[in-house]
Every structure is written in C-alpha cells, then in structure tokens.
Amino acid sequence: MRKLVNLQPTKLQTLILGALPFIAVILIYLVASDLRLQENPKDKLLPAFSTMGETLLRLTTEESRRTGDIIFWGDTFASLERMAMGVGISALIALLFGLAQGSFPLVRAKLSPFTTAIAMVPPMAMLPVLFIVFGLGELSKVVLIIIGITPFLIRDLQQRVQELPEEQWIKAQTLGANSWQLMTRMVLPQMMPRLIDAVRLSMGAAWLFLIAAEAIAANEGLGYRIFLVRRYMAMDTILPYVAWITVLAICADQLLRQINRRVFPWYQK
Amino acid sequence: MTVRLVTEKPPHFLEFKRVGKRYGDSVVLENINTQVKKGEFITMVGASGCGKSTFLKMLSGQEQATRGVCLMEGQPISEEPDVNRGIVFQKYSVFPHLNVLENVILGLELESTSLTGRLFGKLFGAARKAALEEAATLLEKVGLDHAMHKYPHELSGGMQQRLAIAQALIKKPKVLLLDEPFGALDPGIRADMHQLILELWEETGTTIFMVTHDITEGFYLGTRLWVFDKVRNDPTHPHAWGATITYDLPIGVTSKNLHDDIRHDVNLTSRHQDEQLVS
Ligand SMILES: Nc1ncnc2c1ncn2[C@@H]1O[C@H](COP(=O)(O)OP(=O)(O)O)[C@@H](O)[C@H]1O
Ligand SMILES: [Mg+2]
C-alpha cells in the first residue's frame, strides 16, 4: 500500500470527488428544508427550491417601483458597474505607483513607508468618512473599493517589479534603454499579467467592500437587495442572490484568468 | 629653434591601474594592474566567490572600483551600463515577454532617435524593415532562424544563450562580457557554443571577457587566461585580503604541469573558503 501523500486520483475520480461536496450540500439542504416545511409550511428559513425559483422569476421580470428597472438585472448591473469602476481605477493607480516604487529607488524611499501605513488603515472604518465627504451617491461606494484594495495592489506590484532579475535591468541598459524605455519596454509589459493576477486575488475583498457599502446606502445593487429583504427574513431572495454573487465572482475570476492566458502566452505560472 | 618630437603613445584599449573593490569591510579584489588590447579573448577562472563577477561588474559599470581606475581608450569607464559593453549572463539574459526576433530587434529599437523611438522604443516603416533584416541575418548566424517567433520559455538552455549572444551582438559592442555563459549547458551543447562564440569573435573582432569554471574551456577559447586568486590569506579575517590576477597567461605556451598547478591553487582556495564557512 502506497502512502496517502503519494496516491493520485484519476481524471474520473477527480471529477467525482470534486462534485461530491456540492451534491452533499444540496441533499442536506433538501432534506432539512423539507423537514422544516412539513412541520410549518410558513417557515422562511429554508425555503424550498420551487419557492426560490418563483421568487427569482418574479425578480427577473418585475420592475422596481423606485427605478423602473427589472429588479434583478438592475441590481446586477448597478453592482457590476461599481465593481468595474472601483477595480479598474484601483488597477490604474496601482500600476502608476507600483511601477514607480518598484523601479526607482528614490520614489520607493519616499513613498513606500506611506503606502505601507495607508494599507494598515481599516477601510471599513473609513466608510463613514467617505459618506460624509463624498455623499451617499455612487462615488462613496467606488472610493471604498479603491481605498480597500489599492494599497494591496501597489505593494504587490512593487514587489513584482523588484523581483525582476537584476540581470534584466543591466541587459536592457547595455542595449541602450533609457529610464523611460526601461519602463515602457521592459517593466510595464511584464507587469500587466502580474497586475491581473493581483487583481484576481483582491476581488474577494472588493466584493466585501462593495456589498458593505451597498448595505448601508444605496437604491439598488445586489448587496442593497440582500440587506433590504433581510427585514422580512426573505431567504427565498437572499439565497439565490448569494448564489448569483458567487457565480459572478467565479465568472470574473475566470475571465481574468483567460485574458492572462490568451494575451500573455509567455506568462507561465 | 627647437624641434619637439611628440611621442605620445596611443592609450591602451583597456587599462586597469591598481584597481580594488571592497564591500564594506570585506575586500573582494585588490591591486589589479593590467592592460588589454582590442580584440583579445580573455578567459577568467578562479574559485567561486573570489570576485570574477565583481570584476565584470566593474567593467560593465554595474559596480564602481573603490580603488584605482579602469580606463577604456584612455577615459575612465562609464559608471552606468551602456551600449559599449554587451553582456551575457548565465541566465535571465533575455526578456521572457519578447519572442526571439523581438528580443534581438530590441537593441535596434531602443537606439532609434525618433520621438516614438525614445518614448516607446518602437520602429516603423523602412527602419523597421531594415532592423528586421539585420536581426534575421544575425539569428541565422546563431542558428535560431527557425525559432524566430518562439518565446524564450519554449527554447532549450543552449538556444536561450544563443539568443542572448545575438541580442548583445546586434549592438556591436566594443567589449562583450560573458559571465559563465555556458555553465548550465550539457557538454555536447557546450562544444557547439564554443564553435559559435569563436566564429562570432573572429567575425566581429570584439574584445571578449569570459568567466568560466572550466579551465580547459578557458584554455581552449581564450587568447589569454587570467586566474583570480588570493595571494595572502588571514585565517582569522578571511575578508581582510582580496583576490587579484595571479596568472596572466598568453595561451599557447601552456604545459600540462601548469594546468595542474592552477587547478591545485583554485581548488585549495575553494576548500579553504568552505572550511571557513563551516567553522
Ligand atoms: N553587493 C555585494 N555586497 C556585498 N558583498 C558582495 C556583493 N556582491 C558580491 N559580494 C561578495 O563579493 C565576493 C565575490 O563575489 P563574485 O564576484 O560574485 O564571485 P565570483 O563571480 O568569482 O564567484 C563574494 O564573497 C560575495 O559575497
Ligand atoms: Mg560569479
């Protein structure tokens, strides 16, 4: 008998083993939900799949009284828009500062301690400040994402730039590169896929900040909806929404991964 | 009336005057006095950690001598790496995000004086076409013409080093610095690389400095072999004395005994260093 650490699953086994936890969770839910509903048909905690389906159908067809959009899609687009803006702006800022701090010792000496300190500020504690300064509109939510993930992105990118082998810097200079060309021809193109990787890592935190901000002040959005219907214990809305957010998160992650593989074939992990 | 005869000698191509290098308290190199003529092929051997790479770094401008001067054509050597001194390292010499052709063409793109060239290091139109042709010719010479659109990670170690050499040579550097360029290659591949580097050296006439671990390789390739070693050693302060060039041999006058002597010295220093590490 081989040791446990040396046992490798076959392809089929991998598939089955991977699917097993999902099936188990669904089965447990079905049984538990059924038991509770038998006891009390009005129970709200574990709604049947059929109830959730009906609610979802209503949410994807009914218009919101407040905005006139279909509720489900209105929430989705509002959240995705905030997410895209927050993450996009963060990535741009990170590119600028991460590259400068990684490449120029003078800039690093000046800004690195500052970024490190800023990264320690708990972003959620800043939320009231943002609401006071930027109002309750879209800007606050986007800014929360930005201050939440940008310090991490900057520090990660600085690290990646500093990881470029010394040899490359010397070689590029012997080929005639000036400081600016070192940036545009050597550092920037090599940092793009690394930035995308860092963004993938920071997406979880970005969702957290988005939902938190939406929960406190918004008119629509996935996080807003969940916290709105919480008052009525509407698990039939909350659970599909949570599942939907998860699906969106997985899709965003996979999209970024595919971009990295397609656009940067030389970038092998 | 007096006639003055001007008998000023032209400066040596490269001259090292009492050159030394220390990092903090530890002396790495000391008292290096020598001259080099254009077109020489100098191979350098010595125990690892004795300062061969440091010497190349002073030549490339990556490090500055802490004593003495290094002169190139009579002028102190530039304190930053530049196009006069091409480099090939044992690894990381090529850019992973550029394919073979782009890696070679890079040197031509970076030197272009147009605004787009200076800003983005790109060539367009006729200039790009000429650069492509020049790069293709060079790649054919180093035997990479069939792999022009491959990325470095798709190449073998030997092919990567061929690429690194082509990339450096397209700038026609006055000096080519090679730091154990074939150290990680299989023996058969290494023999091919020897052939290649000798051909390119004869064709371009560039001056080559090459560090190697392999004394036989050093004797085979070079016109002149330097041995770096410590002349003095203080067992309680191992970093108090630096290494210098202990043998400077024009190749061709060598005997088996000399090979063995050098090997013996170098090995002795290596072991000595190991013992100091352990104790
Ligand atoms: N930046 C540095 N700071 C301090 N010591 C260094 C530095 N670079 C090299 N050294 C020391 O200088 C010595 C010579 O190194 P090196 O030139 O790389 O040796 P070689 O190439 O002959 O193996 C080594 O003992 C190394 O530890
Ligand atoms: Mg070395």
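Taking (1) touching a helix residue (DSSP H, G or I) at 6+ places or on another chain (Cβ under 6 Å); (2) under 30 Å from residue A:57 (Cα atoms); (3) surrounded by fewer than 17 Cβ atoms within 10 Å (Cβ to Cβ) in turn, residue A:231 satisfies each apart from (1).
When residue B:80 is tested against (1) away from ligand 2 (no atom under 16 Å from the Cβ); (2) within 14 Å of chain A (Cβ to nearest Cβ); (3) surrounded by 14 or more Cβ atoms within 10 Å (Cβ to Cβ), just one condition goes unmet, and that condition is (3). Taking the stated definitions as given, is residue B:72 buried (at least 17 other Cβ atoms within 10 Å of the Cβ), more than 11 Å from chain A (Cβ to nearest Cβ) and touching a Ser or Thr at 6+ places or on another chain (Cβ under 9 Å)? Against the criterion (buried (at least 17 other Cβ atoms within 10 Å of the Cβ), more than 11 Å from chain A (Cβ to nearest Cβ) and touching a Ser or Thr at 6+ places or on another chain (Cβ under 9 Å)), residue B:72 qualifies.
Among residues belonging to segment B:222-261 that are among the β-branched types (Val, Ile, Thr) and at pLDDT 75 or above, point out the one that is farthest from residue B:198 (Cα to Cα). Checked segment B:222-261; the qualifying residue farthest from residue B:198 (Cα to Cα) is B:236. Of all the listed residues (B:80, B:40, B:63, B:73), the sole one being out of contact with any strand residue (DSSP E or B) (no Cβ under 9 Å at 6 or more places or on another chain) and either at pLDDT 90 or above or not basic (Lys, Arg) (or both) is B:80. Within segment B:92-108, the presence of a residue that is within 8 Å of chain A (Cβ to nearest Cβ), away from ligand 2 (no atom under 16 Å from the Cβ), closer than 14 Å to residue A:177 by Cβ and in contact with a strand residue (DSSP E or B) (Cβ under 6 Å, 6 or more places away or on another chain) is excluded.
The values are calculated or read from the model by the stated rules, or taken from the named source; none is laboratory data. As the structure is a computational prediction, the values presented were derived from the model and not from experiment. Backbone-built Cβ (ideal geometry, glycine too); neighbour counts: all protein chains shown.
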